[in-house]
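A.B. asks: The structure follows.
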Amino acid sequence: MKTNCQLYLITPPQIDNADHYLEALKAALDAGDIACLQLRLKSIDGVPAPDDEILQLAEAILPLTNTADVALLINDRPDLAAKVGADGVHIGQSDATYEDARALLGDNASIGVTCHNSRHLGLVAGEAGADYVAFGAFYPTQTKAASAVAEPALLEWWSHATTVPSVAIGGITPANCGSLVSAGADFLAVSSAVWSHPDGPGGAVKAFSQAIQSV
């Protein structure tokens, strides 16, 4: 099966050494086909990092993502995305509305919406104009407390029901991503499976690429 599924990187929830992380990010970006990077600095309990910390890291990341032609999205905060000149924003159901984000960021920004395991939320976001919808969690994850559990059948239904791209999220690894790719996921959102991979971020991206292409 030929697939156009790509990786959607999410930063670690906490970055203590920015220089070290930028090196890790460059290794990941150099290793394979990555669509975007979401800057998400937030504890497992949902407590975000200070605005200044997010902005400072975003400013450091932008030259790398621009060079690699990878979109930089900011988690939750359209205002910070606008301030730093990011490519877009990812919003949850309890964050800024899609309409407010679009009004602030303009027509060219990429805006994605968390839809958990809900067909209804996905359709609402897609009809509003979201550039993608994110479903999950498909597997247990240590990055955040998952509020919903999704099944691959949701991705299959979505791929037949609409042309809006889907992002699969939640505990995805090279070993378990095959069923999500087969079901029609356009993007695989991955975090710890890349940054904590025993072969480093570059090795992780290569392992994901091989897994995706083997489907």
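The values are calculated or read from the model by the stated rules, or taken from the named source; none is laboratory data. Source: prediction; values computed, not measured. Glycine also receives a Cβ, built like all others from the backbone with ideal geometry; neighbour counts cover every protein chain displayed.
A.B. asks: For Leu73, are the conditions met, namely being under 23 Å from Ala204 (Cβ atoms), touching a residue at least 24 places away in the same chain (Cβ under 8 Å), touching a Gly at 6+ places or on another chain (Cβ under 8 Å) and assigned to a strand (DSSP E or B)?
C.D. replies: So Leu73 passes the test.
A.B. asks: Can you confirm whether Lys26 is within 25 Å of Thr173 (Cβ to Cβ), touching a residue at least 40 places away in the same chain (Cβ under 8 Å) and either of a type in the set (Lys, Arg) or in contact with a Gly (Cβ under 6 Å, 6 or more places away or on another chain) (or both)?
C.D. replies: Spelling it out, it is not the case that Lys26 is within 25 Å of Thr173 (Cβ to Cβ), touching a residue at least 40 places away in the same chain (Cβ under 8 Å) and either of a type in the set (Lys, Arg) or in contact with a Gly (Cβ under 6 Å, 6 or more places away or on another chain) (or both).
A.B. asks: Additional query: Do you know which residues across the range 29-54 are free of Cβ contacts under 8 Å to residues at least 12 places away in the same chain and part of a loop (DSSP other than H, G, I, E, B)?
C.D. replies: Of everything in the range 29-54, those that are free of Cβ contacts under 8 Å to residues at least 12 places away in the same chain and part of a loop (DSSP other than H, G, I, E, B) turn out to be Val47, Pro50.
A.B. asks: Pick from Gln93, Gln6: which is surrounded by fewer than 22 Cβ atoms within 10 Å (Cβ to Cβ), modelled with pLDDT under 95 and in contact with a strand residue (DSSP E or B) (Cβ under 8 Å, 6 or more places away or on another chain)?
C.D. replies: On inspection, the qualifying residue turns out to be Gln93.
A.B. asks: For the list (1) surrounded by 15 or more Cβ atoms within 10 Å (Cβ to Cβ); (2) of a type in the set (S, T, N, Q); (3) in a loop (DSSP other than H, G, I, E, B), I need the number of the one condition that Ser159 fails.
C.D. replies: Only one criterion in (1) surrounded by 15 or more Cβ atoms within 10 Å (Cβ to Cβ); (2) of a type in the set (S, T, N, Q); (3) in a loop (DSSP other than H, G, I, E, B) is unmet by Ser159, namely (3).
A.B. asks: Under 9 Å by Cβ, and 6 or more places apart or on different chains, what pairs join a residue from the range 132-150 that is under 20 Å from Ala35 (Cβ atoms) with one that is at pLDDT below 80?
C.D. replies: The qualifying pairs are Gly136/Ala146; Ala137/Lys144; Ala137/Ala146; Ala137/Ser147.
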